[in-house]
Amino acid sequence: MLPFKRLLISPIAVIAIGCGPSPATHSPTAAGPRISPPVPVAGLDAACRDGVAGVSTGWSHSCALCKTGEVACWGTNFLGNLGVPMPTERPTPALLAGLKDVREVAAGSYHTCARLASGRATCWGANNDGQLGDDTEATRLHPVMVSDLADAQQIDVGLGPGHSCAVVKSGKVRCWGVNFNSQLGDGTMTNHAAPVDVDIIDDATQVSTGAYHTCALRKSGKVACWGGKHGRQDRMLSPVPREVGELGDATQIAAGGEHTCALRSTGTVVCWGNNGAGQLGDGTWNDHDAPIEVRGLRDVTAISSASNHTCAVLRDRTVRCWGANEHGQLGDGTTDPSNVPVVVPGLRDVAALATGHRTSCALSTAGQVLCWGELDRREETPPH
């Protein structure tokens, strides 16, 4: 959910967004979703008049970080994740009243969080499991401060039942929210409505949250993960962080629903975990407990994972995607899954990339945000 949940061009940069309606759409089958090739996000220029600095997509809503430090959200408002009364829908981006000095935004399934210039964080939306971090379980239609969190350097919110994490200046990772799969990494399965320290980790440079697990990139280039369904051979929960295989040269990580990918210093990508939709990109449909290289992918500069698919930006500023494609999120004009990377046709000059559950998006070098995938948001409840 990474540079920008899901795009990252640096350890603390994530971009992801959804698209507005476009006439350039088609239906591949009578019963299939209406999908679109890459098109500009309708109304985003009007909301962020000075330009967009970053974006994040959740289950079926998106929020953009404007260069002014304000935030504009749009899409489906399941439980207040847009920051407005339920069940209001926003087909085009609109600014959240009173929210300023934001440096990063992260959208999840039912809630959204933002990192402020002060190093504090604020969240809004569903809070039944404490995922807003304000030490309550009350749903909030407007941003509230996360308790006991300072010096945050990067945040992320998972596309799952509801947990959030932050890397703080000391290198520690702090998480809050649902914990039934030990995704908070504190050695328990107890939910926490305020941030708790993840055990062991004190040298993190990036955190990435999956649906039921969390991973951290360490200064050494090693990756540690905790929680459920993230590729352990014994298939058991990891209540505390465990290092992933022999991976020691990662420069970026991207946790998806039940899989994770890492960009290596060589420009190649490895993935591990569930592979039923081809989201590991190795040419098979078989799960892999240890990292396996994505087939035919070289010169990668950034990666982003969503529920069951992943996309990559290459050095030539083109994009490749692989995995699930029922919403057209791979951008190849079909709704067929692919277990190897496919080119997103017509997409050039990409500066940053992001993925969401129904859409994938790119920021061009000219500052334009383009998205592809499903444009009409059918009712589809996020995971519990």
Self-check item: FRET efficiency, 1/(1 + (r/R0)^6) with R0 35 Å, evaluated for residue 92 and residue 242 via beta carbons
Solution: 0.20
Exercise. Return P(r) of the chain (all Cα-Cα pairs; 20 Å bins starting at 0; whole %; ordered from short to long distances).
Key: 35, 61, 5
Quiz item: When the convex hull of the C-alpha atoms of region 276-315 is computed, what volume per residue in Å³ does it have?
Solution: 69
Exercise. Roll a 1.4 Å probe over the protein heavy atoms and report the accessible area of residue 189 in Å², nearest 10.
Key: 110
Practice problem: Of the options 281, 308, 268, report the single residue whose Cα projects farthest towards the positive end of the charge dipole of region 255-384 (beta-carbon charges: Lys, Arg +1; Asp, Glu -1). | Solution: 268
Practice problem: Express the relative contact order of region 49-108 as a whole percentage, based on alpha carbon pairs under 8 Å and six or more residues apart in sequence. | Solution: 36
Quiz item: Taking the Cα-to-Cβ direction at residue 299 and at residue 67 and moving 7 Å from each Cα, how far apart do the two end points lie in nm?
Solution: 2.9
Self-check item: Accessible-area ranking of 199, 134, largest first, probe 1.4 Å
Solution: 199, 134
Quiz item: Using a 1.4 Å probe, how large is the accessible area of residue 298, given in Å² and rounded to the nearest 10?
Solution: 120
Quiz item: Can you give the FRET efficiency for residue 188 and residue 268, using 1/(1 + (r/R0)^6), R0 = 35 Å, r = Cβ-Cβ distance, to the nearest 0.05?
Solution: 0.45
Self-check item: residue 220-residue 203 pseudo-label distance in nm [points 7 Å out on the Cα-to-Cβ vector]
Solution: 0.5
Quiz item: To the nearest 20 debye, what is the magnitude of the charge dipole of the chain about its Cα centre, counting +1 on the Cβ of each Lys and Arg and -1 on the Cβ of each Asp and Glu?
Solution: 640
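So, counting K/R as plus one and D/E as minus one, what does the shell of residues with Cβ under 12 Å around residue 197 add up to?
-2
The values are calculated or read from the model by the stated rules, or taken from the named source; none is laboratory data. From a predicted model like this one, the values you see are computed outputs, not experimental measurements. Here Cβ is always computed from backbone atoms with ideal geometry, including for glycine, and neighbour counts include all displayed protein chains. Side chains included, ligands, DNA and RNA excluded: accessible areas come from the protein's heavy atoms. Shrake-Rupley method; radii C 1.70, N 1.55, O 1.52, S 1.80 Å.
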